[in-house]
Amino acid sequence: MIKVTAPKSDGLRITAYHIDALLTGLKELIKPSRLTIHYPLEKRWTNDRFRGFIINDIEKCISCFQCAWACPVNAIWMYRAPNGKFYPGIRYEQCILCHFCVDACPVGSLQGTTIHDVAFPDLESTVYLPEDMAKPPNVVDEAKYIVKYEVENGNLIMRRIPRGSK
Amino acid sequence: MYLVQIPLVEPIIKFLLGVPVIGPIVEFLMWEPVFAVWFLPGLVGLFVVLIYTIWWERKAAGRVQWRYGPLQISRRTGGIIQPVSDLIRYMLQEIILPDEVDMPYFLHVPVLAFFVALTPLLFLPAGPHLIAIYTPYNILIVVVLLSIFNLAMVAMGWASNDKWAFIGTVREALVYVSYEVSFMASVISMLILYATADPFRAVSSQSMLPGALMNPAAFLLAIITTAMATDRYPFEIVTNESDVVAGPFTEYGGLMFGLTMTVTYEKGYIMSLLISLLFLGGWSGPYIWVLGDLSPAFWLGFRVFLLMMFFSFLRAVYPNYRLDQVLKIGWKTLLALSVVSLIISMAWRVL
């Protein structure tokens, strides 16, 4: 059995700790090293191949079911179209945006986009039918800056880039 | 009948004094005791300090903890009117009255506490010509009147008839007895040092050296006990959110909660005034001609703001002590320190 004893109180050491804590607080107060971003007005920079929402080109789709087979969470349902073929529709309530379906598509009809911040008003609107898959979701984007995190001399720093310039 | 002289607004006051009906009202408001109650150090001063301190507390904690703090309301000024919008929200919220509470006490105590807690301000000067009631024993009276806060808090917790409120009330009583002796000792050692309980003579005795340098032990004691008394971190025991939801204020909502929250800040304001008068040289500073009688109040207000900002800043830096640790600090360390501060003061008198 390990007996826990209170550490010996050493007045000088404790005073040093108090002063250290106050100085650290003061340093952060004057020059905070915060990494928070104002989300709707600023956005994080995303890679060109960031895995976001998925669109489908019905012209190319050969109705092979490979995407539904590949989906690990069964988010893709195949819907029967009037022409007798089956086309995929994604239930974004389940989708984990892994893009296995994009990889599995033999003709490149499923395409990934980088859009990843979409809010749904209700549960029903998370169900995307084949006709909804044609174009990316309509997102209101009011971000003026793109925020990029970079490592410089071992410190994580954030850099704000205005929207227009790359 | 002494009217407060402010050269900056002198022409406006002169003009208003000549107007038939408004003249006597303006004269009454500019009369020294009434001015002290309504403006400085009274209600208007309290309101300004309150709004600024609450904003600063959230903002400073946000900056230190790598957040932003209030920003959405009036974004250009950094959200400084957030407390005003919170006040409006409190006023419009429904006041919920639980069945179990002792209704008369539950409703009346916060309102009474809000006004009765302001009585120490009658006895505190904000400058040579800004005082409501002058007696040679003003500082002692203030120290005694300060204990009304604790009575009100115990009454609120008792009337709430709720588990958290009860625990918070007991904690309040325990913390109160542990800091009160030391706080009294620190004030009394300064009174021994100045050989007076008159705030004007206390300030004039500090013309050479501020009281904080004359008796550092008493100053440290006053700072720590004020942090304990006004529920600041690291001594936030009574209203600690993670232990007891809001302590004695748990059952309150809407405007009543606004009042109870303000009472704590009122206490902080009054104790900061007292510390600035006793330890930081009061209103000493270069005379500003434009402000006239408000010039001392300006320098005193500067010190009070700094103190309130310091106490709020503690929230950003410290974690919290446990109740038993606070009691240990109160009855062991602070009591020993208060004896030391009394000895230092007596040594100054003897020398």
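The values are calculated or read from the model by the stated rules, or taken from the named source; none is laboratory data. Here the structure is a predicted model, which is why all the values come from computation and not from measurement. FYI the Cβ positions are ideal-geometry reconstructions off the backbone, even for glycines, and counts take in every protein chain you see. Note: accessible area is taken over every heavy atom of the protein model, side chains too, but ligands, DNA and RNA are not part of it. Shrake-Rupley method; radii C 1.70, N 1.55, O 1.52, S 1.80 Å.
Assorted remarks:
- All-pairs Cα distance distribution in the stretch B:226-314, expressed in whole percent, bin size 5 Å: 3, 13, 19, 18, 15, 11, 9, 6, 4, 1, 0
- Placing B:ILE224, B:ILE139, A:ILE58 in order of accessible area, with the largest value first and a 1.4 Å probe, yields A:ILE58, B:ILE224, B:ILE139.
- Label-point separation, A:ARG49 to B:PHE302 (7 Å along Cα→Cβ), nm: 6.2 nm
- Listed residues B:LEU193, B:LEU221, B:LEU107, most fluctuating in chain B (Gaussian network, C-alpha, under 10 Å): B:LEU107
- Using the Cβ-Cβ distance between B:TYR137 and B:PHE310 with R0 set to 30 Å, the FRET efficiency from 1/(1 + (r/R0)^6) comes to roughly 0.55.
- Membrane-span-like helices in chain B, defined purely by DSSP H runs whose alpha carbon atoms cover 27 Å or more axially and whose average Kyte-Doolittle hydropathy reaches 0.0, are B:43-64, B:163-194, B:255-278, B:294-317.
- Look at the dipole of chain A built from charges on Cβ: of A:ILE90, A:PRO130, A:ALA143, the Cα furthest out on the positive end belongs to A:ALA143.
- Taking B:PRO41, B:PRO128, B:PRO120 in turn, the Gaussian network model of chain B (Cα-Cα springs below 10 Å) assigns the largest fluctuation to B:PRO128.
- Computed from the C-beta positions of A:TYR79 and A:ARG163 and an R0 of 51 Å, the FRET efficiency is 0.85 to the nearest 0.05.
- Cα centre as origin, Lys/Arg/Asp/Glu Cβ charges: the protein assembly as shown dipole, Debye: 1720 debye
- In the context of the full set of protein chains, residues of chain B present 46 Å² of accessible surface per residue (probe radius 1.4 Å, heavy atoms only).
- The residues neighbouring B:MET308, those whose beta-carbon lies less than 11 Å from its own, together hold a net charge of +1 under the Lys/Arg +1, Asp/Glu -1 convention.
- Pairwise label distance in nanometres, B:LYS328 with B:ASN161, each label 7 Å out on the Cα-Cβ vector: 3.9 nm
- The Cβ shell under 11 Å around B:MET261 holds other residues with a net charge of -3, Lys and Arg each +1, Asp and Glu each -1.
- Helix A:11-30 and the longest principal axis of the Cα set of chain A meet at an angle near 50°.
- Taking every protein chain into account, the 1.4 Å probe leaves A:ARG51 with about 120 Å² of accessible area, to the nearest ten.
- Estimated from the Cβ-Cβ distance and a Förster radius of 51 angstrom, the FRET efficiency linking A:TYR17 and A:ILE58 is about 0.15.
- Positions from the stretch B:304-322 whose accessible area shrinks by 20 Å² or more when the full protein complex is built, not the chain alone, probe 1.4 Å: B:PHE313, B:VAL317, B:TYR318, B:TYR321
- Comparing the full protein assembly with the isolated chain, the residues of the stretch B:57-86 losing at least 30 square angstrom of accessible surface (1.4 Å probe) are B:ARG63, B:VAL64, B:TRP66, B:TYR68, B:ARG75.
- Antiparallel bridges, percent of DSSP beta bridges restricted to the protein assembly as shown (to nearest 5): 85 percent
- Label-point gap, in nm, between B:VAL111 and B:MET208 - each point 7 angstrom along Cα→Cβ: 5.3 nm
- Cross-link partners of A:LYS60 among lysines (Cα-Cα below 19 Å; sequence separation of 8 or more within a chain): A:LYS85, A:LYS135
- Accessible carbon and sulfur surface of the stretch B:186-315 relative to its total accessible area, %, 1.4 Å: 72 percent
- Of the residues B:MET256, B:MET208, B:MET190, the one that moves most in a GNM of chain B with alpha-carbon contacts below 10 Å is B:MET208.
- Accessible area (Å², 1.4 Å probe, nearest 10) - A:TRP45: 110 Å²
- A cut-off under 15 angstrom between Cβ atoms defines the neighbours of B:ALA195, and their net charge, with Lys, Arg +1 and Asp, Glu -1, is +1.
- Among B:GLN82, B:ALA113, B:HIS129 the positive-end extreme of the charge dipole of the stretch B:1-132 (Cβ point charges): B:GLN82
- For the pair B and A, the buried accessible area comes to roughly 1500 Å² in total, with a 1.4 Å probe and the value rounded to the nearest 100.
- Alpha-carbon centroid distance for the pair the stretch B:35-59 / the stretch A:57-107, whole angstrom: 63 Å
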